[in-house]
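Here's the structure we're looking at; comments come further down.
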Amino acid sequence: MEKDYYKILGVAETADAKDIKEAYRTLAFKYHPDRNQETPQTADMMKAINEAYAVLSNPSKRQEYDMMRRQFGDSAYHQFRTTHSDQDIFSGSDIHQIFEEVAKTFGLRGFDDIFKEFYGKGYQSFNVKGPGFFGGGFVFFGGLGILDKVSRLLFKSIGIELPQNGADITDTIYLNQNIVQQGGPYAYFNKKTSKKLMVKIPAGIRDGQRIRLAGMGEEGKGSGQPGDLYLTVKINKPMLNKIFDFIADLRK
């Protein structure tokens, strides 16, 4: 689909706020990932719809985008995205409430689950609690190093501790030929987290393959998700094979 926010939502350039919101509701239901599990490519369409609504439903962002369309024509989208991060686009949007309404009405997964699926660790939701009040929201981090840290410090300075996902952990396990051929349980101890795990080794696993254990990495902060654990497989060779390999290396 041509990258034009109006065409993505299927609305006219003169559409008012009500038309834009109704178009988004209709498309959010149509392209929701839970209703399109056999056609995962519709996830890209859902992301495009979310972005288009966040821009066109905001008067100042819409005005800026319209100006770029007049100035740059078909390349307006590219120009807009080079100067606007995901955080810029979704900041201040009511997309959370609209998406939640659609999801709850039809028994679908809500905003938080879908955005975590779409944007991974770059998307963070947060809650704010205090005497007599409770609230929340979401924020995007683009992995920009110092900007990411500054953003977190700013939130912390006003009493909002953003959740932070735990880091992934990588390690290596050494397997003998028997478990490689037959598969089965493998007792693993991670020194970094002091966790004992029973890892299921699939039969026929190859040297160099990685096994992912979701949520077994470092713990997150606040309500952040834990990282993942990645185990790289190394296969122990019989002594005779090691001797042959050594001789082969000498002959090279």
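Key figures
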{"item": "Strands (runs of 3 or more DSSP E) enclosed by the stretch 170-214 - at least 1 residues per element that are in contact with a helix residue (DSSP H, G or I) (Cβ under 6 Å, 6 or more places away or on another chain)", "result": "195-201"}
{"item": "Among residues of the stretch 194-224, those that are under 16 Å from ASP171 (Cα atoms) and surrounded by 10 or more Cβ atoms within 10 Å (Cβ to Cβ), counted", "result": "16"}
{"item": "Any hit, the stretch 78-93, residues being within 18 Å of THR26 (Cα to Cα), out of contact with any helix residue (DSSP H, G or I) (no Cβ under 8 Å at 6 or more places or on another chain) and basic (Lys, Arg)", "result": "no"}
{"item": "Residues (within 18 Å of LEU9 (Cα to Cα) and surrounded by fewer than 17 Cβ atoms within 10 Å (Cβ to Cβ)) located in the stretch 77-96", "result": "HIS78, ARG81, ASP94"}
{"item": "Condition check for PRO238: surrounded by fewer than 16 Cβ atoms within 10 Å (Cβ to Cβ), modelled with pLDDT under 85 and either of a type in the set (Phe, Trp, Tyr) or farther than 13 Å from THR170 by Cβ (or both)", "result": "yes"}
{"item": "Any pair with Cβ under 9 angstrom, 6 or more apart, that starts in the stretch 70-97 at a residue that is more than 23 Å from TYR123 (Cβ to Cβ) and ends at one that is assigned to a helix (DSSP H, G or I) and charged (D, E, K, R)", "result": "ALA76/ASP66; ALA76/ARG69; ALA76/ARG70"}
{"item": "Residues within the stretch 84-98 that are within 18 Å of ASP34 (Cα to Cα) and either under 17 Å from the mean Cα position of the chain (by Cα) or part of a loop (DSSP other than H, G, I, E, B) (or both), tallied", "result": "1"}
{"item": "Those residues of the stretch 99-115 which are in a helix (DSSP H, G or I) and surrounded by fewer than 18 Cβ atoms within 10 Å (Cβ to Cβ), in sequence order", "result": "GLU100, GLU101, LYS104, THR105, PHE106, ASP112, ASP113"}
{"item": "Candidate set from the stretch 33-80 (those that are in a loop (DSSP other than H, G, I, E, B) and within 17 Å of ALA103 (Cα to Cα)); member that is modelled with the lowest pLDDT", "result": "GLN37"}
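The values are calculated or read from the model by the stated rules, or taken from the named source; none is laboratory data. Since the structure is predicted, the reported quantities are computational estimates derived from the model, not experimental observations. In this analysis, Cβ positions are derived from the backbone assuming ideal geometry, glycine residues included, and neighbour counts consider all displayed protein chains.
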